[in-house]
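The values are calculated or read from the model by the stated rules, or taken from the named source; none is laboratory data. Being a predicted model, the structure only gives us computed values, none of them experimental. Neighbour counts are summed over all protein chains in view; Cβ atoms, including those assigned to glycine, are modelled from backbone coordinates with ideal geometry.
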Amino acid sequence: MAAEDVPVVTRAGEEDRQTGQSGGAVRISGVSIQHTPATKLWFGQVTNRPGYRSLPHHHGEAETGGYVLRGHGRIYFGEGYRQFLDMTEGDWVFVPPFMPHVEANMSTTEELVWLTARTPENIVVNLDEVDDSTLEGFVRV
């Protein structure tokens, strides 16, 4: 059995913070190629402070799955980011590869926290910024 064939625990506070970022969406990695033997998985936590959102971005070839731990999030997508889906605590979301989107915290008082998994890793390709006024219902603090 090789050294990488054993479980690895990333302790609270020891997560990798040198992962791809996108504006107001702050990502930390619990399982990734940067600090575990994982080669085909990125698993981490994403936090949006109240009234903050990500830059428009996509995740390249990565498939993305998310689970909302707490808060009210919205994913904007489609032409001009005019389509959107809302998510609240307990909701799951899938974002296809190469899909441009914006992740927003719809609350101006509470954090949005979710767990996110990607295969093969945390690819973040930031795109041109859009004005907040184009994102229906979004209010920045």
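Can you pull out the residues in the range 9-34 that are crowded, with 16+ Cβ neighbours inside 10 Å, part of a loop (DSSP other than H, G, I, E, B) and either of a type outside the set (A, V, I, L, M) or without any contact (Cβ under 8 Å) to a residue 12 or more places away in the chain (or both)?
The answer is THR10, GLU15, THR19, GLY20, GLN21, GLY24, SER32.
Take the residues of the range 1-32 that are of a type in the set (A, V, I, L, M), within 13 Å of the chain's Cα centre (by Cα) and at pLDDT below 85: which is farthest from HIS72 (Cα to Cα)?
Taking the range 1-32 first, the residues of a type in the set (A, V, I, L, M) are 1-3, 6, 8-9, 12, 25-26, 28, 31.
Cutting the leftovers down to within 13 Å of the chain's Cα centre (by Cα) gives us 25-26, 28.
Going one step further and asking which of them are at pLDDT below 85, we end up with 25-26.
Values: ALA25: 14, VAL26: 16 Å.
If we take residues in the range 1-32 being of a type in the set (A, V, I, L, M), within 13 Å of the chain's Cα centre (by Cα) and at pLDDT below 85, then VAL26 is farthest from HIS72 (Cα to Cα).
Conditions tested, residue by residue: (1) touching a strand residue (DSSP E or B) at 6+ places or on another chain (Cβ under 8 Å); (2) at pLDDT 95 or above.
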position	(1), (2)
GLY80	no, yes
PHE98	yes, yes
HIS101	yes, yes
LEU112	yes, yes
PRO120	yes, no
PHE138	yes, yes
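Look at THR119 and say whether it is at negative phi, among the hydroxyl-bearing types (Ser, Thr, Tyr) and touching a Ser or Thr at 6+ places or on another chain (Cβ under 7 Å).
Here the answer is no, as THR119 does not meet what is asked.
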